[in-house]
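Next up is a structure, given as structure tokens.
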Amino acid sequence: MGTEPRQYEFSGYRVDVVSRELFGPGGAPISVTSKALDVLTYLIEQRNRVVGKDDLLATVWAGRVVEENNLTQAVSALRKAFGTRPPEHRFILTVSGRGYRFVANVSEIDALVEAASPAPPQTALAVLPFRSISSGPRDELLELGLTETLITRLSRVRHLRVRALGSSLHLAQGVAHDPDAAGRQLGAAYVIDGSAQQLGGRVRVNVRLLSVANGVTVWADTMDTRVEDVFTLQDRISGAVVKALALPGIVMPERRRRSRRGEDAEVYRAWLQGHHLLQRPDEENLKKAISAFRRAIDLDAACTRAYAGIAFAYRGLVHIDHEPDEMFGLAKAAVAQALKLDPDSPEALTAQGGIRHLYDWDWAGAETSLKRAIELNPSLMEARYTCAYLLVHLGRFEEGLEQACQARELDPLSPMVNAIYAGLLTAAGRTGAAQKQIRRALELKPNFWIALQIRAGLATDRGDTAAAIADLASAADDSHRASQILALQAIAHVAAGDRMLPQEILRELEARRAKGYVPATSFAAVHAALGDLDTALDELERAYRERDIRMAFMKVDARWNVLRPQPRFQALAERVNLESDHGCSRL
């Protein structure tokens, strides 16, 4: 039986299916997105027939909600890479009403050519929250800690994609225990299900690995340890899981042992409490998270992830109208200490990437940090989510949306991840797909203000100001009257012909500014909607001086479309290297 070809050659071009690269006639690599390469490979494999658009979408974007425009853009990118135009059908023929066909002569190079073996497919795994079966009071931090430490450990296995803790916790809230159903909702092929029972100073942990497809127990074990050593069990469990799944023993390199990662029980409990609070990022919880992380550092000055957690918390406070210079200064100090302890901390590199994006406006530096974090831990949802933000704000929509898709797959039940994905889809002009994501976010968390904000923006775009005003009224309550939501309320009311409420909103924002920091972009958006373009531009100049984080979005932000023809706006956009003729983002 013949082996699968490793490479395809046609007209001097070469597709390497192992390294996933396209090379030109001179042997130089040609840059195309991974999805464009998948489209090309599939068309070559199926070159004896016309491949329907639905077939391509189902194969290349399997299990994802996408529009036909994704496919059209991929084909257009390929034609551009080949230097051809639509009437020219040297490689990809468009068959009207049917789809596409690859028409060039192709040579195959098979396994007889020496090459590295292709990587095995990645396996999706979910770790369900460990359940307490002790007779006494529940120790929720113990249950949560067992789950999180195992997720962290298994995330280092290259051929696993481990679902994020947040989605597993979401399923555990008020739902009957059903591991198979949980695995299906999380899109996992396997789930780890376990329980913990405290017996005096010891803990008994029962754990099993289940196949979601047939409910079969692939592996199970019972382990006893001292309470203070319970979080060290992840090494034993993860090793058994890798062996049971017959995965290659290729694990991410161990962290430096001098950089303790909070494995002492009390240190870990403090870190875990802070991490848990970060998932509910209102002002009170973010400040409590900082206190918890500081407590972990007091117990272990080398707890790298606690420093990274502090940086995430300070960044979160900026999103709810805290002053950027102060918050990012503190965040930078925390990241610097984390990276001093462990230069390869994915969490610290993710925090660094976010700071470089939102505060330093160092786009290349941000991408370097985030890509390194993803390389170190491909299952770190926060790294992919932050990278998606960066790439979309730079106008690199295909790359950004692919990272956002990965983030959603890792944490499919997160209202935040689903809502942010919807917002990034609006930036790329994919309103149909964005609407579906908004509905999903609101199913997970009704009245979630970020989802309502995005839905309201789309309603404003189509002229349904009544729907936009209703959504933004709810969003203002849920967000504790965040300034950006008030600005969007003003925009919707102006569109509806009401100029009184926007003036009231300006007075409210001015009163807040007299007492402390309010993002200048919120003022600029209201003035722009009211037609006072000079004052709007004055506020954007102030936003630049104050390092307002929403300046990082200006390339794609729909609020500035009325200002884009203005020379002052164009000069400002050039200063931050974010020039654009039009923005669609409603995030």
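Each reported figure results from applying straightforward, stated rules to the coordinates on display, with no laboratory input. None of the values given here were measured: they were computed from a predicted structure. For neighbour counting, all protein chains shown are included, and Cβ atoms are generated from backbone atoms with ideal geometry for every residue, glycine included.
Using amide H atoms built 1.01 Å from N in the peptide plane, name the residues 5+ places from TRP219, or on other chains, whose amide H lies under 5 Å from its own.
Result for TRP219 returns LEU209.
OK, next. Quick one: putting +1 on the C-beta of Lys and Arg, -1 on the C-beta of Asp and Glu, what dipole do you get for region 7-109 around its Cα centre, in Debye to the nearest 20?
For this selection, approximately 260 debye.
Report the relative contact order of the chain, percent, no decimals, based on alpha-carbon pairs under 8 angstrom and at least 6 residues apart.
Computed value for the chain: 9 percent relative contact order.
Which lysines have a Cα less than 22 Å from the Cα of LYS287, not counting those fewer than 8 places away in the same chain?
Reachable lysines: LYS332, LYS515.
Only counting other Cβ atoms within 10 Å, I'd like LYS332, LYS515, LYS287, LYS35 sorted with the fewest neighbours first.
LYS515, LYS287, LYS332, LYS35
Leaving out same-chain residues fewer than 8 places away, which lysines sit with a Cα under 26 Å from that of LYS35?
Cα-Cα hits under 26 Å: LYS53, LYS80, LYS371, LYS436, LYS555.
Can you work out ³J(HN,Hα) from phi for every residue in region 184-200, in order, using Karplus 6.51 cos²θ - 1.76 cosθ + 1.60 and θ = phi - 60°, giving whole Hz and x for Gly and Pro?
Result, ordered by residue: 5, 5, 8, x, 9, 7, 9, 10, 9, 10, x, 9, 9, 9, 8, 10, x Hz.
Along the charge dipole of the chain, which of GLY429, SER483, PRO343 sits closest to the positive end, that is, farthest toward it, with unit charges on the beta carbon of Lys, Arg, Asp and Glu (+1, +1, -1, -1)?
PRO343
Additional query: Tell me the relative contact order for region 382-433 as a rounded percent, counting alpha carbon contacts under 8 Å between residues six or more apart.
Reported relative contact order: 32 percent.
Could you pull out every residue, at least 5 positions away or on a different chain, whose amide H is within less than 5 Å of the one on VAL157? Hs are placed 1.01 Å off N in the peptide plane, and Pro or chain starts have none.
Counting only residues 5 or more places away or on other chains, the set is MET252.
With +1 on each Lys and Arg Cβ and -1 on each Asp and Glu Cβ, and nothing else charged, work out how big the dipole of region 123-244 is about its Cα centre, in Debye to the nearest 20.
380
Below 8 Å, C-alpha to C-alpha, sequence gap of six or more: please give me the relative contact order for region 123-244 in percent.
For region 123-244, the relative contact order is 27 percent.
Arranged by the count of other C-beta atoms within 10 angstrom, fewest first, what order do HIS170, HIS582 take?
HIS582, HIS170
Now a separate question. Looking at region 409-502, which trypsin sites (Lys or Arg not before Pro) are DSSP coil and have at most 14 other C-beta atoms within 10 Å of their C-beta?
Answer by residue number: ARG462, ARG499.
Dipole size in debye (nearest 20) for region 447-587 around its Cα centre, Lys and Arg Cβ +1, Asp and Glu Cβ -1?
280
Further question on the same structure: Kindly provide the helix-only [θ] at 222 nm of the chain, computed as the sum of -39,500 (n - 2.57) over DSSP H runs of four or more divided by all residues, to the nearest 500 deg cm²/dmol?
One gets -16500 deg cm²/dmol as the mean residue ellipticity at 222 nm.
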